[in-house]
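Read through the structure below, which is laid out as structure tokens, and then see the notes.
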Amino acid sequence: MMIRFYLLDVSYEVRGREPVILLWGLNEKSEPILLIDKSFRPYFYILPEEDVDAEKLIPLIKALSKPSSPILEVKVVDRKYYGRPVKALKVTTSIPEYVRTYREEAKKVKGVSEVLEADIRFSMRYLIDKDISPSTWLEVEAVESEGSQRFRVRKIYEVKGEFKNAGIDLPPPLKVMAFDIEAYNPRGSPIPEKDPVIIVSLADNSGDLEILTAGEGPKGDLDLIPQFTERVRAKDPDIIVGYNSNGFDWPYLVKRAELLGIKLDVGRSADGLPRTSVYGHISIPGRLNVDLYDFAKEIYEVKVKSLEEVAEYLGVMKKSERVLIPWFEIYKYWDDKAKRETLLKYARDDVISTLGLADKFIPFAIQLSSLTGLPLDQVGAASVGFRLEWFLIRAARKFKELVPNRVERPYSTYKGAIVLQPVKGIHENIAVLDFSSMYPSLMIKYNIGPDTFVDGECSEEECYVIPGLNYRFRKEPPGFYKNVLTTLLSLRKKVKEELRKYKPDSPQYRLLNERQKALKVLANASYGYMGWTGARWYFKEGAEAVTALGRETIQKAIEIAKELGLRVIYGDTDSLFVSNDRDKIEQFIEKVRDELGLEIKVDKVYTRVFFTEAKKRYVGLTLDGRIDIVGFEAVRGDWTDIAKDVQEKVAQALLTSGKPEDAIEYVRRVIKDLRMGRIPLEKLVIWKKLTKKLEEYDVSAPHVEAAKKLVELGVKVVPGTEVGYVITKGSGSISSRAVPFIIAKPEDIDTEYYVKHQILPAALRILSYFGITEKQLEAAGKAQKTLVDFLTSKKQKSK
DNA sequence: GCGGCGCTACTACCT
DNA sequence: ACAGGTAGTAGCGCCGCG
């Protein structure tokens, strides 16, 4: 019979000496089903050396075969390698493990140049070869198969035919369950060897909410964990979401269960437990375990990526409307019976927020999953580079291109983009023009890639010559990158056209919009990917060529702008800030299109924009009256809130020229408040991320010293930990006085540090341009030359 | 012993 | 753990200084 199903995940198991592919899915009634395929076999490729006849290698490879782990087939196939047609050997083995064995032995055979695609996991191999993706609807001829006690699905089928993609369509109603655990933590970070799980909160998209609690004592979770597994199995979610669940909740539960002798049996397979899998994510058989923190990390606007902050930013739950408990005090709320109710509410708010985040992130994740072919639970955990790489691997198969091996290369750098020195000061009515997808467009236009590169002579007739580098790229035929990028961009164009057919609040619109965003992300990653030494399709000369062309493009654009009489104020990589002269800009856009063959368009207009002498920093007033702050302290996560607030106020006053003297007054008032101890401690916290292990730091830095103090308190500190600290009074270096804010007392704060190193620098960054000095800001009361005086005197001068 | 200087380490930003 | 370009803070070693 024909089965139509939505593919969730893929895995495999070995039965006897046969690998069996397991396709976890949902049928049209949204019931969990399993499709098994026993017919697929693992394989890899052998690339013979240049002058070696592939046929003659066959017996040599066959001779490696051992009866206990046989090679099933060796045959010559036509493929391409970096665009060049090659004869390769396809070596098929019986089970995936043998691929690893034979690839090593094959490498040693004389006449073998390279072993390829031996590092592609079997289940991914299946999806790629069948050209099917998780998070899509599929159709296949299948027969119902014997039920098995092992699999907790509605039905099991055996695949009998070829898959058909059933098109882009809305996903079935997916059962999403959010979970969150709280652990007892009297010594800082909870230690699974000692501290029990005290609360497990569960919420699902059918509206159910459950807060499970532990009994008393160090083994109070002995009943709690089985309750949790029971609830998961009863609810039978397709997707389980958590917040940092791969980093905390799952590993903690796994460890506790192990210690207590409980089977953490939450999957759709009775013999499968949660286990660490690719990209550090935790895999649960038959369900998609999605850690939403992976997606939260990608929101750069949110500086401190706690669940509360991210939920607040996305409008999922207001901080003001929820219970907030500092994580290091959780145990107190548990021990104190009067406070326990508050803790339960906190756990509830956390799990509701988590479920809310799923709503925001999952639709995008689904699109990314269907495009890259990575299952939903992996796609978030995989870095940008790997997401694109899987997309490329799938594309390679369509072009019969062999996938290059991942090789370790030393880090290597090359010249990048141009950043113009800004014309400092306030500029009125400025348009910001951006090249549309500059780097991808250049890659397409100049056919850049490893397979089109010509090492040696090539006429300008046949090749593009890259300015300044003397690199040459064949004009024809289109290379791998060009093909892939053309596909990505034309797909995106099609999706955007389709988008217009739907109302913005319809589910279809949402789906297509997320899809076009995912396509954009992949296209924009291609240049960076090419220059990444870890990439399979790494090609430094190509990346160098792209930036060289980018530099030439922006230089030419500046020339065109100047010829037209447009004043260029600033520019960075692919953007230009010019006087907003409608007619000239129209001509400019046309000329750029005609002469450079690239699209540039007005991205935004500032009624007023201010630059200091620094690059990558400006503040602008948009047409709708908003203030854009770019690069300055006010948008940096490693400055205190108080300094950021002050700078924002100053910027606002400056640009709206409403009452700029208020800015100075404001700065003074804040300094006064600070000295009076009227600024809450939270506004004085500096957040910095640890990028490596504590012992790897060469010099002492405030956040490192603060982190060491955290460790003393029993807090777990790993690379990636955000350290929040304050500077306290005393003698010695700033580092020695940096203290984790969680143990800092307001009376210990070194207010003068905050005046001199936070508020004044942030305010003066902008105000010093107007001749305002530190003294003036610090001086109380006395009238100084105000910003208004300055602005009016300047205007008169220019008249 | 200490302030100034130049350099390095480090982080977070911009495109 | 996709790229390079950039600003900025704090630490640290060195120099000069009777």
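Miscellaneous remarks
- Breaking point among (1) under 30 Å from residue A:742 (Cβ atoms); (2) more than 16 Å from DNA strand C (Cβ to nearest atom); (3) of a type outside the set (S, T, N, Q), for residue A:381: (2)
- Residues located in the stretch A:531-565, provided they are aliphatic (A, V, I, L, M), within 15 Å of DNA strand B (Cβ to nearest atom) and within 30 Å of residue A:367 (Cβ to Cβ): A:543, A:546
- Filter result for residue A:387 (within 22 Å of residue A:246 (Cα to Cα), more than 16 Å from DNA strand B (Cβ to nearest atom) and either at pLDDT below 95 or basic (Lys, Arg) (or both)): yes
- Within the stretch A:686-700, being within 26 Å of residue A:635 (Cα to Cα) and within 25 Å of the chain's Cα centre (by Cα) holds for A:686, A:687, A:688, A:689, A:690, A:691, A:692.
- Restricting A:123, A:133 to residues that are assigned to a loop (DSSP other than H, G, I, E, B) and at pLDDT 95 or above narrows the list to A:133.
- Within the span defined as the stretch A:615-627, every residue fails to be surrounded by 15 or more Cβ atoms within 10 Å (Cβ to Cβ), more than 26 Å from residue A:740 (Cβ to Cβ) and more than 16 Å from DNA strand B (Cβ to nearest atom).
- Put simply, of A:482, A:496 the only residue that is away from DNA strand B (no atom under 16 Å from the Cβ), in a helix (DSSP H, G or I), over 22 Å from the mean Cα position of the chain (by Cα) and under 26 Å from residue A:588 (Cβ atoms) is A:496.
- Looking only at the stretch A:391-429, and only at residues there that are on the phi > 0 side of the Ramachandran plot and modelled with pLDDT of 95 or more, the one that is nearest to DNA strand B (Cβ to nearest atom): A:429
- Every residue from the stretch A:689-727 that is more than 13 Å from DNA strand C (Cβ to nearest atom) and not charged (D, E, K, R): A:690, A:694, A:707, A:710, A:711, A:713, A:714, A:715, A:717, A:721, A:723, A:724
- Looking at A:535, A:561, just one residue is within 11 Å of DNA strand C (Cβ to nearest atom) and either within 21 Å of residue A:616 (Cα to Cα) or among the small types (Gly, Ala, Ser) (or both), and that residue is A:535.
- 2 or more residues of a type outside the set (Val, Ile, Thr) and farther than 29 Å from residue A:130 by Cα: qualifying helices (runs of 4 or more DSSP H) within the stretch A:371-467: A:438-445
- Scanning the stretch A:583-617 for residues that are within 23 Å of residue A:439 (Cα to Cα) and hydrophobic (A, V, I, L, M, F, W, C) yields A:585, A:588, A:589, A:592, A:596, A:598, A:600, A:602.
- Any hit, the stretch A:163-171, residues being in contact with a Phe, Trp or Tyr (Cβ under 9 Å, 6 or more places away or on another chain) and in a strand (DSSP E or B): yes
- The stretch A:230-256 residues that are touching a residue at least 40 places away in the same chain (Cβ under 8 Å) and farther than 22 Å from residue A:134 by Cβ, paired with ones that are surrounded by 24 or more Cβ atoms within 10 Å (Cβ to Cβ) and of a type in the set (S, T, N, Q) (beta carbon under 7 Å, 6 or more apart): A:243/A:354
- Of everything in the stretch A:717-768 that is of a type in the set (S, T, N, Q) and within 30 Å of residue A:425 (Cα to Cα), the residue that is nearest to DNA strand B (Cβ to nearest atom) is A:758.
- Checking A:403, A:419, A:454, A:465 one by one, the residue that is under 30 Å from residue A:569 (Cα atoms) and more than 23 Å from the chain's Cα centre (by Cα) is A:419 and no other.
- All positions within the stretch A:251-310 that are small (Gly, Ala, Ser) and away from DNA strand B (no atom under 16 Å from the Cβ): A:257, A:261, A:267, A:269, A:270, A:272, A:277, A:280, A:283, A:286
- The stretch A:602-621 - residue that is of a type in the set (D, E, K, R) and under 27 Å from the mean Cα position of the chain (by Cα) and, of those, nearest to residue A:420 (Cα to Cα): A:615
The values are calculated or read from the model by the stated rules, or taken from the named source; none is laboratory data. Since this is a predicted model, take the numbers as computed values, not measurements. Cβ sites come from the backbone with ideal geometry, for glycine too, and all protein chains shown count toward neighbours.
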